[in-house]
Amino acid sequence: MERKANVLVIGNSGVGKSTLINSIFGSERAVTGLGEAVTTQMEVYDNEVLPFRIIDSIGFEYGFLKQ
């Protein structure tokens, strides 16, 4: 079994987390929108080439971590 690192992408809603993931893979893997929240649950993306998997998260709004 191949061991891979996990990379968690976090940030505010609509800032381009999923777009960044698509850029890394060079294809439309994650669903994206224009400046709006699209991701509703954590999604894991990987392939045979990259030595890591990328986890896309829902947006964290301002103040979420202070609650």
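The values are calculated or read from the model by the stated rules, or taken from the named source; none is laboratory data. These figures come from a predicted structure and were not determined experimentally. Note that each Cβ is placed from the backbone with ideal geometry, even for glycine, and that neighbours are counted across all protein chains shown. Each accessible area value is taken on the protein alone, full model and side chains, heavy atoms only, with ligands, DNA and RNA left out. Shrake-Rupley method; radii C 1.70, N 1.55, O 1.52, S 1.80 Å.
What is the sum of charges around V31, taking Lys and Arg as +1, Asp and Glu as -1, for the other residues whose C-beta is under 15 Å from the C-beta of V31? Show your work: numbers first, answer last.
Working: positive: K17, R29; negative: E28, E36, E43, D56.
Result for the neighbourhood of V31: -2.
Taking K and R as +1 and D and E as -1, what net charge do the other residues with C-beta under 14 Å from the C-beta of G59 add up to? List each step's numbers first, then the result.
Details: positive: K17; negative: E36, E43, D56, E61.
Combined, the nearby Lys, Arg, Asp and Glu give -3.
Tell me, what is the per residue accessible area of the chain in Å², probe radius 1.4 Å?
76 Å²
Work from the charge dipole of the chain (Cβ charges, +1 for Lys and Arg, -1 for Asp and Glu, about the Cα centre) and give the residue of V49, G11, I24 farthest towards its positive end.
Farthest towards the positive pole: G11.
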